Amino acid sequence: QVQLVESGGGLVQAGGSLRLSCAASGRTFSSYNMGWFRQAPGKEREFVAAIRWSGSSTYYADSVKGRFTISRDNAKNMVYLQMNSLKPDDTAVYYCAADSEKRLVPASYYYARAVYDYWGQGTQVTVSS
């Protein structure tokens with residue numbers, strides 16, 4: 001059982017930056033791959049970024065490559081999403097998710113919502129024009 005709590009969302013102008021945080025409970029955090037997803041009104045929840053349990057690999061949606069950076073600090077049970085050069089299209093509720101798969105799998109594995117076992121409640125990010 002993992003509890004995830006996101007924070008750091010807010011209102012920002014286009015071109016600005018935000019840093020989202022995801023705090024995980026328990027002492028098994030380092031065993032989980034972690035992902036960030038987002039969902040805009042009327043849209044499906046979509047993959048944003050993921051990081052392997054070891055931090056050895058990161059994965060990004062094409063729409064955020066070069067702008068967003070996912071990182072983790074296993075000692076603090078924290079995952080971060082640094083978002084730069086924000087666009088209005090980035091407006092969404094951002095969710096943190098945890099996946100227990102520790103085997104090497106294709107990058108596409110991390111894109112699917114169904115592989116994640118635990119989800120946070122989300123934090124709103126609004127980017128104004």
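The values are calculated or read from the model by the stated rules, or taken from the named source; none is laboratory data. Owing to the predicted nature of the structure, the values given are computational and were not obtained by experimental measurement. For neighbour counting, all protein chains shown are included, and Cβ atoms are generated from backbone atoms with ideal geometry for every residue, glycine included. Please note that ligands, DNA and RNA were not included when accessible areas were found on the heavy atoms of the full protein model with its side chains. Shrake-Rupley method; radii C 1.70, N 1.55, O 1.52, S 1.80 Å.
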Run the simple label-point estimate for VAL105 and ALA23 please: 7 Å along Cα→C-beta, distance reported in nm. 2.9
Just read off the accessible area of ASP73 with the full protein assembly in place, 1.4 Å probe, to the nearest 10 Å². 50
In whole percent, and with a 1.4 Å probe on the protein chains, what portion of the accessible area of segment 8-114 is carbon and sulfur? 49
Restricting attention to segment 51-129, which trypsin sites (Lys or Arg not before Pro) occupy a DSSP loop and are surrounded by at most 11 other Cβ atoms within 10 Å? LYS65, ARG103
Projecting the Cα atoms of GLY42, SER57, ALA75 onto the charge dipole of the chain, where Lys and Arg contribute +1 and Asp and Glu -1 at Cβ, the residue farthest towards the positive end is ALA75
Please compute the contact order of the chain in relative form: average sequence separation of alpha-carbon pairs under 8 Å and at least six residues apart, divided by the residue count, as a percent. 36
Ranked packing of 90-97, 35-42, most packed first, by mean Cβ within 10 Å: 90-97, 35-42
Checking the table LYS65/LYS87; LYS65/LYS102; LYS43/LYS76 against a 22 Å threshold on Cα-Cα, which pairs fail? LYS65/LYS102; LYS43/LYS76
If I ignore ligands, DNA and RNA and count only protein heavy atoms, how much of SER63 is accessible to a 1.4 Å probe, in Å² to the nearest 10? 60
Probe 1.4 Å, heavy atoms of protein chains only: per residue, the accessible area of segment 4-53 in Å² is 47
Counting only the backbone N, which residues of segment 88-121 are under 19 Å from the spot 7 Å out from the Cα of LEU11 toward its beta-carbon? 88-94
